[in-house]
Amino acid sequence: MTSFEPKDISTAKLHGYLLSAVAPRPIAFASTMDEHGNPNLSPFSFFNVFSANPPILIFSPARRVRDNTTKHTLGNAESMKEVVINVVNYDIVQQMSLSSTEYAQGVNEFDKSGLTMLKSDIVKPFRVAESPVQFECKVNEIVKLGTEGGAGNLIICEVVKLHINDAVLNESGSIDQEKLDLVARAGGSYYSRAKTGFFEIPKPLSTLGIGVDALPENIRNSAVLTGNDLGLLGNVEALPTKEAINAFAEKHDNIALTEVEKHKKAQNLLSFGDVESAWKVLLS
């Protein structure tokens, strides 16, 4: 076996081992709000439930390993003491991934990911309307585990109201795990779909993706493309050039396609991870 003490390897290396070995992990899709009323939305996989009476959820926004900075979620939780934790199912996994892009303070990740803000009943942060289960929480305590890059910050949340989509309930009123179709996080680019096992999602760009809010209206409101499709399309730094689009259209005879046919063809390309070609089809 390969063996070592944590102090003998870099934090980045240790971080990778921990995330790959302790997996799959549930995802807290955390919605917060700053003191100026700006919404923020970000996923965290250091997360679980720890008590039913009182109902306690804990998630941990870690200090970034590369530069020891912290996420906006932590600052918002410290100042406002409220958070909504939304669960992530397969239908919104690509949009969730896009929201993890490090947009600037004040940028609304709901808009960037194309997810819908739903007013909460008790707390100020918005719920994710597309999430099948949403927990409105007050922040009881934040436990800081260190001051260096990689250190966690345990945000201890007490559930004050929960919302469950009727579509994921069975006849007895319990949650049907098959209908819920949860997604969990693993190491690297790997995720796990509760019903089928592992799959991969390319990490969001180190530069900023254009976001779902920047998509043309006819694409954003497509009757064919799903939220996951839109999430993939929004995770590009720039659209293909007009010359590239025209060359692709002539080669693949896309000009004669109807809009619905283009959307279906693009969706098929997206299923194989070919985002660039999907964009060329849509814009031809």
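The values are calculated or read from the model by the stated rules, or taken from the named source; none is laboratory data. Predicted model only: the values in this text are computed from it and were never measured. As a convention, Cβ positions derive from the backbone with ideal geometry for all residues, glycine included, and neighbour counts pool all protein chains shown. To get the accessible areas, we keep the full protein, side chains included, count just its heavy atoms, and leave off ligands, DNA and RNA. Shrake-Rupley method; radii C 1.70, N 1.55, O 1.52, S 1.80 Å.
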Within region 266-281, residues open to solvent by 70 Å² or more (accessible area, probe 1.4 Å) and either aliphatic (A, V, I, L, M) or assigned to a helix (DSSP H, G or I) (or both) come out as Asn268, Ser271, Glu276
List the strands (runs of 3 or more DSSP E) that sit entirely inside region 139-233 and contain at least 3 residues that are under 30 Å from Ala104 (Cβ atoms) and in contact (Cβ under 8 Å) with a residue 24 or more places away in the chain.
153-164, 183-185
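Given the structure, is Glu82 buried (at least 18 other Cβ atoms within 10 Å of the Cβ) and touching a helix residue (DSSP H, G or I) at 6+ places or on another chain (Cβ under 6 Å)?
On the way: buried (at least 18 other Cβ atoms within 10 Å of the Cβ): yes; touching a helix residue (DSSP H, G or I) at 6+ places or on another chain (Cβ under 6 Å): no.
Taking the combined requirement at face value, the residue does not satisfy it.
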Any chance region 238-245 includes a residue that's under 22 Å from Ser131 (Cβ atoms) and surrounded by fewer than 11 Cβ atoms within 10 Å (Cβ to Cβ)?
no
Take the residues of region 99-110 that are among the small types (Gly, Ala, Ser) and farther than 13 Å from Val212 by Cα: which is surrounded by the most Cβ atoms within 10 Å (Cβ to Cβ)?
Ser100
If I go through region 165-179 residue by residue, how many of them are under 20 Å from the mean Cα position of the chain (by Cα), surrounded by fewer than 16 Cβ atoms within 10 Å (Cβ to Cβ) and under 16 Å from Phe135 (Cα atoms)?
0
Out of everything in region 246-264 that is within 16 Å of Ile219 (Cα to Cα) and open to solvent by 70 Å² or more (accessible area, probe 1.4 Å), what residue ends up being nearest to the chain's Cα centre (by Cα)?
Lys264
Within region 111-133, can you find the residues that are polar (S, T, N, Q) and either closer than 14 Å to Pro39 by Cβ or open to solvent by 70 Å² or more (accessible area, probe 1.4 Å) (or both)?
Ser113, Thr116, Ser120
Could you tell me which numbered condition Val49 fails, if it satisfies all but one of (1) out of contact with any Ser or Thr (no Cβ under 7 Å at 6 or more places or on another chain); (2) over 24 Å from Thr196 (Cα atoms); (3) modelled with pLDDT of 95 or more; (4) not aromatic (Phe, Trp, Tyr)?
(2)
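Among Val133, Val168, Val160, Val139, which is modelled with pLDDT of 95 or more and over 21 Å from Leu41 (Cα atoms)?
Working: Val133 fails: over 21 Å from Leu41 (Cα atoms); Val160 fails: over 21 Å from Leu41 (Cα atoms); Val139 fails: over 21 Å from Leu41 (Cα atoms).
Among Val133, Val168, Val160, Val139, only Val168 is modelled with pLDDT of 95 or more and over 21 Å from Leu41 (Cα atoms).
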Of all strands (runs of 3 or more DSSP E) completely enclosed by region 1-78, which ones contain at least 3 residues that are in contact (Cβ under 8 Å) with a residue 12 or more places away in the chain and open to solvent by less than 60 Å² (accessible area, probe 1.4 Å)?
28-33, 39-44, 55-59
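Restricting to region 85-98, count the residues that are open to solvent by 40 Å² or more (accessible area, probe 1.4 Å) and either of a type outside the set (D, E, K, R) or in a loop (DSSP other than H, G, I, E, B) (or both).
Adding up the residues that qualify gives 1.
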For residues that are in a strand (DSSP E or B) and touching a Ser or Thr at 6+ places or on another chain (Cβ under 6 Å), scanning just region 114-138, find the one that is farthest from Asn228 (Cα to Cα).
Glu136
